[in-house]
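A.B. asks: Structure in structure tokens, see below.
The values are calculated or read from the model by the stated rules, or taken from the named source; none is laboratory data. Here the structure is a predicted model, which is why all the values come from computation and not from measurement. Note that each Cβ is placed from the backbone with ideal geometry, even for glycine, and that neighbours are counted across all protein chains shown. We work out accessible area using only protein heavy atoms, side chains counted, and drop any ligands, DNA or RNA first. Shrake-Rupley method; radii C 1.70, N 1.55, O 1.52, S 1.80 Å.
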Amino acid sequence: MASVSPEETVENDAMPRELAAESKLYVDVGVDYIPIVYRDEYNIHLLGLEKLHPFDACKWGNVIKNLKKKNLLKGLNLATPNEATEADLRLVHSASYLRSLKWSINVAKIIEVAPVALVPNIVLQKRVLKPFRYQVGGSVLAGKLAIERGWSINVGGGFHHCWGNKGGGFCAYADITLTVHFILNHYPHVERVMILDLDAHQGNGHERDFIGRKDIYILDMYNKYIYPNDTYAKGAISRKIELFAYTEDEEYLDRVNVHVEGALNEFSPHVVIYNAGTDILEGDCLGLLSITKQGIIERDEIVFQKVRQRSIPIVMLTSGGYQRVTAAVIADSIANLNKKSLIDMSSH
């Protein structure tokens, strides 16, 4: 893939950060709700056109179904987010970018389904962009819950290819950037944020948004041969681990272990945003890595163990993952984190 040019990262005209105080994304969540964030509106139903992309457009709902099959959610309430409004999105996005989403051809490019360009935009707003906006709200709420409870999981989100002025790679809104802004604006004691991006692809969106920021530390481990190959954005990465195609469990988990430990020792963050993409799974046609299901479960366990033993709040986002089995793998990993007492899936 061709690299994205630095000219596409410009100072956008986002609104003042103080507007975050007026947002309805930071709702109070009672102790009888666990810090797993989800609502059915996350899922995409676009007249069957969603099947033209390898992404499972109902992955998020399928994660919940798999957790229910394991009886892990019996008697439990999940936190439900509000939809991110235009005012919320303007904290990180330029007005011109948000206007561009009112043209179906631009949405088609972002979600990589060409026929979507022929669909009336009002339909795309309701069937595609609204689910994304709910997931953005979920990421922001998960940030609040992590600070309050020590951990949280948004069953959606992780749109790490989108930045203030541009979307791409199935990412229309910059939820990671927005989540970080909300945390920094609402919690004065949080001065250092770490983004651990272990999706198979480089997280060029949040990298472009945070390039030059000393209070944001980005660890990014990705397949060096696939999209987006954004050379300019790599300048924002504090710890860059580039993988060869078809890397397998042993080498992968060794690198996770060494580099997550090294990053935490080097930076000492006040909160961690963990972008836990499952497109590293063997057989994924876009990730092109060879990590087993057990490898993903162990990866998540390593991350949570290292972060939580330091009493650092952690927000997990599910991000990429392009196979029908992905939802079951995410559910298995959440179950393992609960079994190992790295999260507590019981209401209090």
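A.B. asks: In Å and on Cα atoms, what radius of gyration and Dmax does the chain show?
C.D. replies: Rg and Dmax of the chain, Cα atoms, are 18.3, 51 Å.
A.B. asks: Now a separate question. Could you state the principal axis extents of the C-alpha atoms in region 264-305, from the largest down, to the nearest angstrom?
C.D. replies: Answer, in whole Å and largest first: 36, 19, 14 Å.
A.B. asks: Let me ask something else. Find out how many positive minus negative residues lie around Gln323, taking Lys and Arg as positive, Asp and Glu as negative, among other residues whose Cβ is under 9 Å from that of Gln323.
C.D. replies: Local net charge: -2.
A.B. asks: Then there is this: Of all chymotrypsin sites (Phe, Trp or Tyr not before Pro) in region 60-109, which ones are in loop regions per DSSP and have a Cβ with at most 14 other Cβ atoms within 10 Å?
C.D. replies: For chymotrypsin sites (Phe, Trp or Tyr not before Pro) across region 60-109 that sit outside H, G, I, E and B with at most 14 neighbouring Cβ atoms in 10 Å, the list reads Trp103.
A.B. asks: Can you list residues from other chains, or at least 5 along the same chain, whose modelled amide H is less than 5 Å from the amide H of Tyr217?
C.D. replies: Long-range HN contacts for Tyr217: Val193, Met194, Ile195.
A.B. asks: Label points 7 Å out from Cα along the Cβ direction at Ser238 and Arg213: separation in nm?
C.D. replies: 1.1
A.B. asks: Where does the longest stretch of the chain lie that holds no trypsin sites (Lys or Arg not before Pro) found in a DSSP loop with 10 or fewer other Cβ atoms within 10 Å?
C.D. replies: The answer is 75-213.
A.B. asks: What's the extension gain from Val27 to Ala95 if we count 0.36 nm per residue and subtract their Cα-Cα distance?
C.D. replies: Working it through step by step, the gained length comes to 21.9 nm.
A.B. asks: Mind checking the dipole of region 258-348: about its Cα centre, +1 per Lys or Arg Cβ, -1 per Asp or Glu Cβ, Debye to the nearest 20?
C.D. replies: 220
A.B. asks: Considering only the chain, what is the antiparallel percent among its DSSP beta bridges, to the nearest 5?
C.D. replies: Approximately 5 percent, going by the DSSP bridge assignments.
A.B. asks: Are there chymotrypsin sites (Phe, Trp or Tyr not before Pro) in region 169-228 that DSSP marks as loop and that have at most 14 other Cβ atoms within 10 Å, and which are they?
C.D. replies: Tyr225
A.B. asks: With runs of 4+ DSSP H residues as the only contributors, calculate the mean residue ellipticity of the chain at 222 nm using -39,500 (n - 2.57) per run, divided by the residue total and rounded to the nearest 500.
C.D. replies: After summing the helix terms and dividing by the residues of the chain, the value is -10500 deg cm²/dmol.
A.B. asks: Thinking of region 209-348 as a set of Cα atoms, what percent of all their pairs are more than 21 Å apart?
C.D. replies: 43
A.B. asks: Then there is this: Quick test of your reading: applying the under-4.7 Å Cβ rule, which cysteines of the chain are isolated?
C.D. replies: So, Cys58, Cys285.
A.B. asks: Hey, another quick one. Accessible area of the chain with a 1.4 Å probe: how many percent of it is carbon plus sulfur?
C.D. replies: 52
A.B. asks: Could you compute the FRET efficiency for Ile105 and Lys65, with r as their C-beta to C-beta distance and R0 at 35 Å, rounded to 0.05?
C.D. replies: The formula returns an efficiency of 0.55 here.
A.B. asks: In addition: List the longest stretch of the chain that has no exposed loop site; here a site is one of the GluC sites (Glu not before Pro) assigned by DSSP to anything other than H, G, I, E or B, with at most 12 other Cβ within 10 Å.
C.D. replies: Of all site-free stretches, the longest is 12-190.
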